[in-house]
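Structure first, then comments.
What follows draws every value from the coordinates through simple rules; no lab data is involved. Since the structure is predicted, the reported quantities are computational estimates derived from the model, not experimental observations. Backbone-built Cβ (ideal geometry, glycine too); neighbour counts: all protein chains shown.
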Amino acid sequence: RDPFAALKDQPADGLLALIGLYRNDPRPEKIDLGVGVYRNADGQTPVMAAVKAAEQRLLTEQTSKSYLGPEGDPVYVELLKPLAFGETLAASKRLIGVQTPGGTGALKLIAELLKLTGSRVFVGTPTWPNHGPIFKSAGVEVIEHPFFDKATQTVLFDEMMAALKAARAGDAVLLHGCCHNPAGAEFTAPQWQALNAFILERGLLPVIDLAYQGLGNGLEDDARATRALLATVPNALIAYSCDKNFGLYRERVGAIYALAATEAMAQRILGNILVIARTHWSMPPDHGGAIVRVILQDADLTQVWKDELAETQSRLVELRTLLAASHPRLAPMAAQTGMFSLLPLTPDQVTSLREHHGIYMAGSGRINIAGLTVENIPVLATALSPYL
Ligand code: PMP
């Protein structure tokens, strides 16, 4: 028996296939709005200056490559706390954290924890396409509910709240802390408050995916909803990624945080997270976390990083504003945040834009805002106009 004969062929990942198609497209005017990495006006994804400086420091000062532990670098994990959660929460013994390989690693640990707690997870649609598979891979039941309508570019808040009534105490609700991927749309402050009250009243477990802090409205503002929620609920799980806001993508830098009702429960969760981490990657890779630690330990480097992040953020805002002004149906995109928006297109229209205009985007119509330029926005607008 060939054991591999039991394996089924898997469809290629659509977005990754797009990279190859784009690379092989000879048209000089082609536009890449596909994969979700930040790009500057020259189309580059540069290493941030603070990261380069931190790496140089590590190169000269690091004395050992010996193992850390399954918890990763505890100094890195502690330094991120005030950045993400503010000083008050950061000091709470109810909040524990562990370093993970990217936000994806943190989400995987959350999924395995939810399996142990017997929680189901409510996930808005659309969402990052990896969310559902990560929870399902751990055997957690995923219940989808409406979140966003791309035709009208509106958050379906009432529909979402109606669907959440089916949640039982202890069930998890997945929320994007800021910069929704793929919709770019956020809840308004009153909507966050209503959701917060509902979560509290029903005893639900918020799972916050915070993968883009600083890329929306700035570091503080992007954390506001998360902090407000954590200030009131007894329990929460957070998947944090430094891969976008530090530009560290391939270094795979993230952390899982858990807020529990008591310090003792927080320690019990920590113990469980470490056991799960041991069976997944044993210990997270160090380099990216070490870079973030060096930056956040040094006031000058922190400022250099914050300035570059703010530049990145304002470039995204500028491009959004131009895109939104290019057609009335795209106007709502001015108020959206972060790296992505969803164009109101069918998959056939997406294919047609690629074939006839060399404009590349995910089949859903999701575009990477950072792939736009002052020059290519009018080109995009003209190509889109028959469909809008
Ligand atoms: N959550 C969301 C919403 C994302 O968009 C991404 C990355 N595309 C992640 C999590 C995973 O981030 P990382 O690359 O750090 O694993």
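Okay, residues lined up against (1) closer than 26 Å to Ile276 by Cα; (2) within 16 Å of the ligand (Cβ to nearest atom); (3) in contact with a helix residue (DSSP H, G or I) (Cβ under 6 Å, 6 or more places away or on another chain):
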{"residue": "Val121", "(1), (2), (3)": "yes, yes, yes"}
{"residue": "Glu141", "(1), (2), (3)": "yes, no, no"}
{"residue": "Ala166", "(1), (2), (3)": "no, no, no"}
{"residue": "Gly177", "(1), (2), (3)": "yes, yes, yes"}
{"residue": "Thr188", "(1), (2), (3)": "no, no, no"}
{"residue": "Leu204", "(1), (2), (3)": "yes, no, no"}
{"residue": "Gly214", "(1), (2), (3)": "no, yes, yes"}
{"residue": "Arg227", "(1), (2), (3)": "no, no, yes"}
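Of the residues making up the stretch 305-325, not a single one is of a type outside the set (Gly, Ala, Ser) and outside any helix (DSSP H, G or I). Of all residues in the stretch 106-151, those satisfying the criterion of being in contact with a Phe, Trp or Tyr (Cβ under 8 Å, 6 or more places away or on another chain) and among the small types (Gly, Ala, Ser) are Ala106, Ala111, Gly124.
When the stretch 247-256 is filtered for residues that are more than 9 Å from the ligand (Cβ to nearest atom) and crowded, with 24+ Cβ neighbours inside 10 Å, the ones remaining, listed by number, are Ala255, Ile256. Within the stretch 246-296, which residues are within 25 Å of Arg39 (Cβ to Cβ) and not in a helix (DSSP H, G or I)? Phe246, Gly247, Leu248, Arg252, Val253, Gly254, Pro285, listed by residue number.
The rows are residues; the columns are (1) of a type in the set (Asp, Glu); (2) more than 19 Å from the chain's Cα centre (by Cα).
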{"site": "Thr117", "(1), (2)": "no, yes"}
{"site": "Pro126", "(1), (2)": "no, no"}
{"site": "Gly132", "(1), (2)": "no, no"}
{"site": "Asp149", "(1), (2)": "yes, yes"}
{"site": "Ala167", "(1), (2)": "no, yes"}
{"site": "Gly170", "(1), (2)": "no, yes"}
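Considering only residues of the stretch 257-280 that are within 16 Å of the ligand (Cβ to nearest atom) and over 14 Å from Val77 (Cα atoms), which is surrounded by the fewest Cβ atoms within 10 Å (Cβ to Cβ)? Filtering the stretch 257-280 for residues that are within 16 Å of the ligand (Cβ to nearest atom) and over 14 Å from Val77 (Cα atoms), the one surrounded by the fewest Cβ atoms within 10 Å (Cβ to Cβ) comes out as His280.
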